[in-house]
1. (1) surrounded by 14 or more Cβ atoms within 10 Å (Cβ to Cβ); (2) within 23 Å of residue 342 (Cα to Cα); (3) outside the structural domain of residue 198 (by TED's automatic domain parsing): which one isn't true of residue 258, the others all being true?
2. Considering only residues of region 79-113 that are away from the ligand (no atom under 11 Å from the Cβ) and β-branched (Val, Ile, Thr), which is surrounded by the fewest Cβ atoms within 10 Å (Cβ to Cβ)?
3. Scan region 359-375 and tell me whether some residue there is open to solvent by 60 Å² or more (accessible area, probe 1.4 Å) and in contact with a strand residue (DSSP E or B) (Cβ under 7 Å, 6 or more places away or on another chain).
4. Does region 161-169 contain at least one residue that is away from the ligand (no atom under 14 Å from the Cβ) and either open to solvent by less than 70 Å² (accessible area, probe 1.4 Å) or under 24 Å from residue 65 (Cβ atoms) (or both)?
5. Within region 14-22, does at least one residue satisfy the condition of being hydroxyl-bearing (Ser, Thr, Tyr), at pLDDT below 80 and more than 26 Å from residue 176 (Cα to Cα)?
6. Please identify the pairs in which a residue from region 84-106 that is at negative phi has its Cβ atom under 9 Å from the Cβ atom of a residue that is within 11 Å of the ligand (Cβ to nearest atom) and open to solvent by 40 Å² or more (accessible area, probe 1.4 Å), counting only partners at least 6 apart or on another chain.
7. Cβ-Cβ under 8 Å, sequence separation 6+ or interchain: first residue in region 1-25 and of a type outside the set (Ser, Thr, Tyr), partner assigned to a loop (DSSP other than H, G, I, E, B). Which pairs?
8. Would you confirm, using the coordinates I've provided, whether residue 149 is touching a residue at least 24 places away in the same chain (Cβ under 8 Å), closer than 27 Å to residue 330 by Cα and not acidic (Asp, Glu)?
Amino acid sequence: MFRTWRIGRIFGVPTELHWSFLLVPAAIFFYAYHPQTGLRWTQVQWWSGISALLFLFVLIHELGHALTARARGVHAEKIVLFPLGGGALIPEEPARTFDQVLIYAAGPLANILLAVVALPLLLWQPNGAYLLRFYLNPFGNLVVLPSLTEQLLGITLAVNAVLAIGNLLPAYPLDGGRILRAVLRGALGERRATVVTTLLGIVVGGGLIGLSFYLGDPLLGLSALFIVSFSTIELNRGWQRRRLSRSELDDVLRPVGTPRLYAADPVFRARALFSGTDAKVLPVYDNYNQLSGFVEREVLQREAVREHPVSFYYEAEFITGRRDDNLLELTERIVAANVYGAAIYEAGEVVGFVFTEDVIRLLDRSRRRFYKRFKAPASP
Ligand SMILES: [Zn+2]
């Protein structure tokens, strides 16, 4: 899914190609093939050239973000290019709103610059005005046969205009949505600014899906679908963060169970302990009664040999927390460490465990309550 290839450093920024770029030559050959004449090589050349141009414009857009970030003292980790767009990975936002806006605006500005250069050059050509009118009316017919120069200038103008306007739409996760969020953050705070821009993402993305049907444009539909799903994910993440920051750690704390499971115990004993609980993981102790890791119910059911010791199947990785830790921060640490959960200590003793499965269950429970509140008839 996330497989990429490094193609080099451009102005010092590592640049990678996503695997789905392999679909581009496949699509070109598919469209250039004609049952009667076979593969039409002029078509292959033409579409390869167009793809290379598109790639270049997207790259310039992302370089706009990455180089501006660097100029404002923020680390730009890399650029990843997809067939339909790209992304500049900038892990940390600068502190000042002005710098944030500048970084997000720099991508579309680079495209505007290219379009502004291409426009007079195109109008200067004999058929330039016809071509421009053709681009402005998606249902019109082109009455002239433009030269190669005219076509290239026309494509430069059209593609960069679409990239600039499309990315400036005020909807998360587009540049326009990120600019809006950065500006709103000052007035509304992080949470409300995220809610506003992600809801806009869902509305604008939904509108674009409708437009893609109207124009018969599957690529627009696909991009719009991305906008809707990214916005939904970010909206949901914001809601989860709020829920967790308001929850108590005790809401999900599993007390230390008795009897204890030891690393040297056989698998059948662990299975017996599991059957007495609904937990998906159990803590495993060493001979000194110190916590040494966790074992997963599913692993023991699937592949374990009855007489083997539990130590063959358990994971020694976990993090530790304190009882007065904030649940949101603890969950973020568990996710970042990619472990089952955390052992919670109080006064030097393990008092219980927080497992991701319990945090997810807590979120599911409040989601159901949340929906129920909407579905319930208004009280008189
Ligand atoms: Zn951008």
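1. (1)
2. Of everything passing the filter in region 79-113, 97 is surrounded by the fewest Cβ atoms within 10 Å (Cβ to Cβ).
3. No: zero hits.
4. Among the residues of region 161-169, at least one is away from the ligand (no atom under 14 Å from the Cβ) and either open to solvent by less than 70 Å² (accessible area, probe 1.4 Å) or under 24 Å from residue 65 (Cβ atoms) (or both), which makes the answer yes.
5. So in region 14-22, the residues hydroxyl-bearing (Ser, Thr, Tyr) come out as 15, 20.
Now drop any that are not at pLDDT below 80, which leaves 20.
Now drop any that are not more than 26 Å from residue 176 (Cα to Cα), which leaves none.
No: zero hits.
6. Cβ pairs passing all conditions: 100/178; 101/178; 103/90; 103/178; 104/178; 105/168.
7. Pairs that qualify, where the first residue is of a type outside the set (Ser, Thr, Tyr) and the partner is assigned to a loop (DSSP other than H, G, I, E, B), are 13/76; 14/77; 18/3; 18/83; 19/3; 21/83; 23/83; 24/83.
8. Considered against the rule, which asks whether it is touching a residue at least 24 places away in the same chain (Cβ under 8 Å), closer than 27 Å to residue 330 by Cα and not acidic (Asp, Glu), residue 149 comes out as no.
The values are calculated or read from the model by the stated rules, or taken from the named source; none is laboratory data. Since we're looking at a predicted model, the values are computed, not measured. As a convention, Cβ positions derive from the backbone with ideal geometry for all residues, glycine included, and neighbour counts pool all protein chains shown. Surface areas here come from the heavy atoms of the whole protein model, side chains and all, with no ligands, DNA or RNA. Shrake-Rupley method; radii C 1.70, N 1.55, O 1.52, S 1.80 Å.
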